[in-house]
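Contents: one structure, followed by commentary.
The values are calculated or read from the model by the stated rules, or taken from the named source; none is laboratory data. Predicted model only: the values in this text are computed from it and were never measured. A quick note on method: Cβ atoms are made from the backbone with ideal geometry, for glycine too, and the neighbour counts reach across all protein chains shown. Each accessible area value is taken on the protein alone, full model and side chains, heavy atoms only, with ligands, DNA and RNA left out. Shrake-Rupley method; radii C 1.70, N 1.55, O 1.52, S 1.80 Å.
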Amino acid sequence: MKKMNLAAWMLLVSAFVFSYGGTATGQSKNKLSIGDQAPPLKYSKWIKGKPVKSFEGDHLYVLEFWATWCGPCKAAMPHLTELQKEYKGRATFIGVGVWEKVEEGKPYESSLPMLEKFVKGNDANMGYSVVADNNEQFMGNNWLKAAGENGIPSTFIIKNNQIIWIGHPGSLDSTLPGILNGTYDMAAFKASFDRKAEARRGEMATMQAALKPIQDAITNKDYKSSLSLMDKLVADSPQYKFMVDQMRFGVLLNYVNQQQAIEFAKELQKTNKSVPGIALSAVYNKNGFDKSTYLWAAKTFEEANPNLTNPVALDAVASCYAKAGDYASAIANEEKAVEGARKALKNGEMVGTIMDYTVVEYEKTLENYKKMKGI
């Protein structure tokens, strides 16, 4: 199995979390399809560009749904910028920020400062309008979930206040010309879209029903029952094992016993090479774990990735070492993170992940580690 860097695993884990227990859970009561009237635009803030009050006439409006944690979303941004330039006057592109992760107990709009910081730092790659979803998550619920779109990036095209296409932004190059020259067959596309959307709705409903008892037990702090329910689910439905293994690790790590979590992860790693990335992403940015847990997460990831150059992963490893009190190792890894981030920024790599302020943050973190070590 090909090794994945931390950024890739953070994306995968984020997508998994949102599928069963994050801000994007649940199915919309409404159903939205091709040919339907477009729902209104409701948002917490129009962050960038000229606000659109309504979808007027036969002008095209391209709504691209994204989140800061979504790697494919960020990868699509430069090309969306080029398309906005190419179709200026004929199409208006709007990036719709949805499904950001927020701290438990806080309103969704508490993510707004972080989102604004991201958009400002990534200004050159987001040459189009940007809005952020609101506390009721109107855009995520009444657009994405209503259309059976359970993942992002996802793009909607509106014309004459009617949704005429929904798909991946990578398909815009072939879709937009057909719409503009009149060769696009909306009826045929709708038939295909509806079949796939209904299948996605069914899959999501089945998965959520299967995971709900476990989720409820965790919410009620009945962790023993949650672990038993996990065993039963995997026995009855082996296809959920990958997700359940991650749930089990998280419950053991955060609520039951850190050493049990580590032993479970060690055993799991014999058949699942992704464990080091999952463990690191679960530990590096949280406080309160035992020093031995931080050391285990850092060393396990380093052993699995001996030639590590990804600055995001290096920063995470450094964080674990610092929390464990090993400032020499923290400094060594953070120095590599700074070097890698500077190089990525200079070469235009890791778009939307490494920005000017990312380098500054890494530099400040490095100085802090040096102070802690007394350098």
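Considering (1) assigned to a loop (DSSP other than H, G, I, E, B); (2) surrounded by 13 or more Cβ atoms within 10 Å (Cβ to Cβ), the lone condition that residue 221 does not fulfil carries the number (2).
Tally up the residues in the stretch 247-271 that are within 22 Å of the chain's Cα centre (by Cα) and either exposed (fewer than 14 other Cβ atoms within 10 Å of the Cβ) or in a loop (DSSP other than H, G, I, E, B) (or both), please. Result for the stretch 247-271: 0.
Within the stretch 170-200, if we keep just the residues that are among the hydroxyl-bearing types (Ser, Thr, Tyr) and assigned to a helix (DSSP H, G or I), the residue that is least open to solvent (accessible area, probe 1.4 Å) turns out to be 175.
Among the residues of this structure, residue 119 does not count as one that is closer than 22 Å to residue 146 by Cα and among the aliphatic types (A, V, I, L, M).
Considered as a group, the residues in the stretch 51-85 that are part of a loop (DSSP other than H, G, I, E, B) and closer than 25 Å to residue 177 by Cβ include one that is modelled with the lowest pLDDT, and that residue is 56. Mind checking which residues of the stretch 201-211 are surrounded by 15 or more Cβ atoms within 10 Å (Cβ to Cβ) and not aliphatic (A, V, I, L, M)? Across the stretch 201-211, the qualifying residues are 201, 208.
One residue stands out among those in the stretch 83-115 that are touching a residue at least 12 places away in the same chain (Cβ under 8 Å) and acidic (Asp, Glu): the one that is surrounded by the fewest Cβ atoms within 10 Å (Cβ to Cβ), which is 109. Only a single criterion out of (1) buried (at least 18 other Cβ atoms within 10 Å of the Cβ); (2) assigned to a helix (DSSP H, G or I) is not satisfied by residue 303, namely (1). Look at the stretch 321-339: where a residue is free of Cβ contacts under 8 Å to residues at least 60 places away in the same chain and within 17 Å of residue 290 (Cα to Cα) and a partner is among the charged types (D, E, K, R) and outside any loop (DSSP other than H, G, I, E, B), sitting 6+ places away or on another chain with Cβ atoms under 7 Å, you get 324/291; 325/291; 327/373. Looking only at residues of the stretch 47-73 that are open to solvent by 20 Å² or more (accessible area, probe 1.4 Å) and among the charged types (D, E, K, R), we find that the one that is nearest to the chain's Cα centre (by Cα) is 48.
Taken across the stretch 220-237, residues that are touching a residue at least 24 places away in the same chain (Cβ under 8 Å), among the basic types (Lys, Arg) and closer than 29 Å to residue 344 by Cβ do not occur at all.
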